[in-house]
Structure formats: structure tokens, C-alpha cells
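Please read the structure below before turning to the comments.
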Amino acid sequence: MNTPPEDYELLRWLDGEMNDAEQDAFEARLAADPSLQAEAALMKRLSSDLRSHLPAEMPVPYADFFNSQIQVRLAQDENVQPSPAVSGGWFGWLRLPWLTTAFATAALVLAGLVAWQNSTTAGGDELVHSIYVPKAGVQARSFHSKDARATVLVLDGLEDMPADRKIVGFNISHGEVDEALAATTLFDDHGRAVAVMSKDARNQPLLLTTTNPRG
Amino acid sequence: MKHLALVTLLSAAACLHGQEPPPVQPLPVKKPATDAKVWGALVFATNDDAEAAAMPKVDVPAEFADIPARLGKVFEWKRYEVIGQHLQDVFREYESWVVPTKDLFLKVDSKGPAEGGGMNLHLQFWRDQQVLVKTDAVLKAESPLFIAGPKWRQGRLLFVLVLQKGR
């Protein structure tokens, strides 16, 4: 169903897309048409309600992954003929620019999640259901080694660990979660607290050690 | 548990001042439900005997002693040295951390028992504050997970996760 011309004009007016002449002409028609006034008031109220109930910006999970998906979609769109700008009926309010952007983002998020869920692993290893690598340039593949009787996940393209970095291991015998503090205290064989794993303000892991493992 | 964490942090502060940390006396608490127990280890794989010999020795529990040999059936390095290890309960309702070293560690979320045995897990492999990979996988006692991580010096760092039997 196509949008009637008057609805299209109304949407353009609401979106501020008209030039001065068009705006003067439409507002003159609006002043003379009570039904158009009622429709304009309804559209404005709908828009206002939606704006007040939806955040202006929403954090996109796995932003790196979705950015790459957006780039792919943009590249695809360059090869597609533009579709008619107006879509249907009284649902034409869906065409409001900010709402279109929100739905497009949601669609990409959904598409990304589906792609993530469906990302299969090389070798058809049924023990690995999905793999997601956030950093561009890193490839992951998994397979089952019959000889080793093990599932193997290989990450290629990772940045090397600096050669001068001193990697010293822990010997942790157990960890206890602190529900109130959302932290896990890690203990060695002698019951000594070795480290506390918590989260920072960005929800990233924050490891506090009781001694400096690098000496 | 708040007291325990505070004691822990105070111990850390004491260490920074060169004092021996006081012994921690855990308070009796109700332990959260667990689904399994896992052993995680960071292994340095290298062809350089001198590099391997320079690694501090770690006493690997007997039940996991075959892991270096099994790694040798997948990768083509000559030496596999366990750098650090961590035996950890997998909490049913909380995230669990497997931290054999300060540099590379694993977040484990239980997704319940897997059909046919083992555990459904959501895993996140972290390097400091950067997540390297996220995966949903089934971990079975007879089939450990080997993650080939970043290269280091003349070799490569491998993360091993094993589901302990009998849990």
C-alpha cells in the first residue's frame, strides 16, 4: 500500500523537509482542513510518546562486530537501486528519520545475532556451537582432534605478547564468589588470597593481585 | 564475605609495604550452587629448550598430567610447559573465572548439563581487558578444550580447560 499524497506531505512537514514555499502552502491547507489538523496532532503525539519512551542512544552490543556488519550492508546497498521513499498507509509515521534509524539499527543487531549464532566452526565440530571474535583481523577456527581427544580452538592474527613481558603463573586451588561485591577471591593451596577478580565501570574484568606476580 | 574481601585487600596493601600478609580466616558462609569443577592452565609451547627450562615449575595434579602429551598430538611444538593453573568450581548462577595467570584468563558461565554428558558453557577468553574470543561450547571430561592464543617469545601461549571427572 502506498502512502496517500496528503500523508506524504504531512510526513515531510513533520520531518522539516519542506522548503519555505512548500511549508507555507501546506500550513495554509492545514489551517483549512480540520481532519488534517487532527491527523497532524495524532502524528505529533505518537512521535513525542515514542521519543519519551525510547532512549535517544542505545549502546550496541559487540560494537566492533556490528560496525563491520554495517559496513558490509552499506557496500551492498551501493549496488541496489533505491526503493520508493514512502511506505505505507497510516503506518507512514514509521518513516520518521530517527525512527527509521532506530529500526535499521535493531535490524542490524538482529541480523548480527543471527549471524553470530549461525557461525559454524571449521571441521563441523559439534562441541563448539558458536564463535565470536570481536577484533578485526583475528580469525578463529575449531576442530576436534581424535588423537588428542580434545576440542581445539585456534586464534590466528592475534597481537603477539611482548617478548619482554614476564608471564608468571598462579597456582589457584579455588575461588569464592562474593555476591554482595560481585567479586571473586582466588586462593592458593595454603588458603592465601592471591587475587580478586572484579569488574570496572565498563564491565571489563579487573584483576587485583595481592602480590606483584611479575616480581 | 565482605569481611573476607576487605581482609584480602588489606593483605594486598600490607604486601605493598613489604609485610607478610596476615592469614585469612574465612567466615562461615553458605556456598553458592555449583554445576561442575574445571581445571584451567596456561601452557607455554616452544621449541626452545632453554626458554622452556627457564619457566618456573608447576606441580600439575596427576589427573591432568597427560595434558602436555595430548597438546603434542595437536600442535607441533617440542616442549609444553605449564606456567600457571587454576582449579575452579563452575557456579550455577554466577560467572566463574579461571585465572592461571594475570595475563590470560577465562570467564566461564554455566548453561547447564549438556545432552549426552558434559556441560554447556559460555566462555570468554580475555587478555588483560581485551576479550579475544567468545564461544558457546560443550566441555566433556574426556574432551578438554585447547585454545591456541597469542605468540610469545619463540613459542605460543595455549590455554587449556578440562572438566574434572566425577562432578
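The values are calculated or read from the model by the stated rules, or taken from the named source; none is laboratory data. Note that this is a predicted model, so its numbers are computed, not measured. Counting neighbours? That spans all protein chains shown, and the Cβs are built from the backbone with ideal geometry, glycine included. Ligands, DNA and RNA are excluded from the accessible area calculation, which covers all protein heavy atoms including side chains. Shrake-Rupley method; radii C 1.70, N 1.55, O 1.52, S 1.80 Å.
Please identify the GluC sites (Glu not before Pro) of the stretch B:73-167 that satisfy two criteria: DSSP loop assignment and at most 14 other Cβ atoms within 10 Å. Which are they?
Working: sites: B:GLU76, B:GLU81, B:GLU93, B:GLU95, B:GLU115, B:GLU142; in loops: B:GLU76, B:GLU93, B:GLU95, B:GLU115, B:GLU142.
Hits after loop and neighbour filter: B:GLU76, B:GLU93, B:GLU115, B:GLU142.
List the lysines whose Cα sits under 18 Å from the Cα of B:LYS30, skipping any in the same chain fewer than 8 residues away.
B:LYS2
What does the buried accessible surface come to for A and B, summed over both chains, with the probe at 1.4 Å? Round to 100 Å².
Roughly 5900 Å² of accessible surface disappears when A and B pair.
In the stretch B:34-163, with Lys and Arg counted as +1 and Asp and Glu as -1 at Cβ, which of these residues, B:TRP97, B:TRP152, B:ILE67, has the Cα nearest the positive end of the dipole, that is, farthest along it?
B:TRP152
Could you pull the accessible area for A:GLU126 with a 1.4 Å probe, rounded to 10 Å²?
Solvent-accessible area, nearest 10 Å²: 130 Å².
If ligands, DNA and RNA are left out, what is the accessible area of A:TYR8 with a 1.4 Å probe, given in Å² to the nearest 10?
Result for A:TYR8: roughly 70 Å² accessible.
Would you mind getting the accessible area per residue of the stretch B:21-133, heavy atoms of the protein chains only, 1.4 Å probe, in Å²? Can you show the working numbers first?
On the way: 4970 Å² over 113 residues.
That works out to 44 Å² for each residue.
Which of the pairs B:LYS57/B:LYS107; B:LYS78/B:LYS134; B:LYS102/B:LYS134; A:LYS166/B:LYS57; B:LYS107/B:LYS165; A:LYS135/B:LYS78 have their Cα atoms more than 23 Å apart in this structure? Let's see the in-between values first.
Working: B:LYS57/B:LYS107 25 Å; B:LYS78/B:LYS134 29 Å; B:LYS102/B:LYS134 19 Å; A:LYS166/B:LYS57 15 Å; B:LYS107/B:LYS165 20 Å; A:LYS135/B:LYS78 30 Å.
Table pairs above 23 Å Cα-Cα are B:LYS57/B:LYS107; B:LYS78/B:LYS134; A:LYS135/B:LYS78.
Rounded to the nearest 0.05, what FRET efficiency do A:GLU27 and A:ARG202 give with R0 = 35 Å and r taken as the Cβ-Cβ distance? Could you check? Mind dumping the intermediate values first?
Details: r = 48 Å, r/R0 = 1.38.
For A:GLU27 and A:ARG202, the calculated efficiency is 0.15.
Going 7 Å from the Cα of A:SER130 in the Cα-to-Cβ direction, what parts of the stretch B:118-157 have a backbone nitrogen less than 19 Å from that spot?
B:119-126, B:131-139
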